[in-house]
1. Using only alpha carbon pairs under 8 Å that are at least six residues apart, calculate the relative contact order of region 219-363 and give it in whole percent.
2. Where the Cα atoms of region 353-425 are projected onto their three principal axes, how long is each span, largest first, in whole Å?
3. In whole Å, how far is the Cα centre of region 356-426 from that of region 20-57?
4. Express the relative contact order of the chain as a whole percentage, based on alpha carbon pairs under 8 Å and six or more residues apart in sequence.
5. Quick check: pseudo-label points 7 Å beyond the Cα along Cα→Cβ at residue 408 and residue 40, how many nm apart are they?
6. Calculate the FRET efficiency for residue 2 and residue 342 from the Cβ-Cβ distance with a Förster distance of 30 Å, rounded to the nearest 0.05.
7. Between Rg and the Kirkwood Rh of region 299-426, both from Cα atoms, what is the Rg to Rh ratio?
8. Using Cα-Cα distances under 8 Å and only pairs 6 or more residues apart, what relative contact order does region 185-273 have, in percent?
């Protein structure tokens, strides 16, 4: 026997839990199927300032503040320049969002999942979606299995794929493909006893460049530090030691990171992951939508993953609600949704694709605010891409300066461009 529902959401991460909560709040019958049981470990602990209004809209901001550590800036450190530069969120074009939070994702995601249930969504943990059936281009039936083996069959009016890096629909539709403009892999773990910044700067995220990519250091509440290296895939493929030793060997290649971990000890398993950058050729269908990482993931350097997931949930909830109320408007609403999401991804992507180039490193380490360019870049780092903030002209001016700077140092920048193309192909 199949069950009917208005909306079936696959995945209980930030995207899935948020859209389930918002749609249940609008009195739709929402089922959320999550394969794991919360709390469960996840990477991606750094939030952006413009995510906080979304959390407030969901009604969970106070809970997130209790588990989070405030971050007021993003710090970039360059071994090539021997100095670092910080970007204070309070200096953005809109100065009303001066901080965000660093969070343990197990706690953060659990708050969002409980909120979805509290708002009326039927949350099924330990329920793995296994197949989807289409009829005339529409999702007809979705099958799942529980932890003890029983099969569930749903006939939803609308399906939201928020399955994250599992990319449930993209895999089954054959639309997932490697990002042709970017490629990266990562190795990461959690440490206790790492050196932290003092006072107000304690929660700031630190980014360090090194020869094979870049490091993140994200301080969490208590004495925990998330440390990871995002590398070109060739580097991770060349690993010949156990993954834990490989992380320590990689840390040794970046003296500033190594110095901050001198008295630290590893307190978690070390994880390595490849195929970090991908996208689906399709984001939507007649009665389905892919949101968050289920559609695309670029690179975590600007901490954009959770922010795009929350925006996708907010915008997606309005889209799905409108479609359920007025089915004839489906194509128009889905098209508008896709356009806004792709615009945000495109803006982040231009910077991410160039983050390791000599010209970009120079501009970040030696920022200036002529024409309010630095304020525009800080607004980008804060996630201010989906409002009417006048960010576009500032970022356009930054791009012009970037290309001019590349022309004045053609040898190094061409060599970096060539290496990048080779690394993507590797």
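Just so it is clear, none of the values below were taken in a lab; they were calculated from the coordinates. As the structure is a computational prediction, the values presented were derived from the model and not from experiment. Quick reminder, even Gly has a Cβ in these numbers, built from the backbone with ideal geometry, and neighbours come from all protein chains shown.
1. On the way: 80 pairs, mean separation 21.4, N = 145.
Over region 219-363, the number comes to 15 percent.
2. Principal extents (Cα only, largest first): 38, 26, 18 Å.
3. 32 Å
4. So the answer I get is 21 percent.
5. 5.1 nm
6. Working: r = 34 Å, r/R0 = 1.13.
Rounded to the nearest 0.05, the efficiency is 0.30.
7. Numbers: Rg = 17.9 Å, Rh = 16.7 Å.
Taking Rh as the inverse mean 1/r over Cα pairs, Rg/Rh reads 1.07.
8. Values: 159 pairs, mean separation 39.5, N = 89.
Result for region 185-273 is 44 percent.
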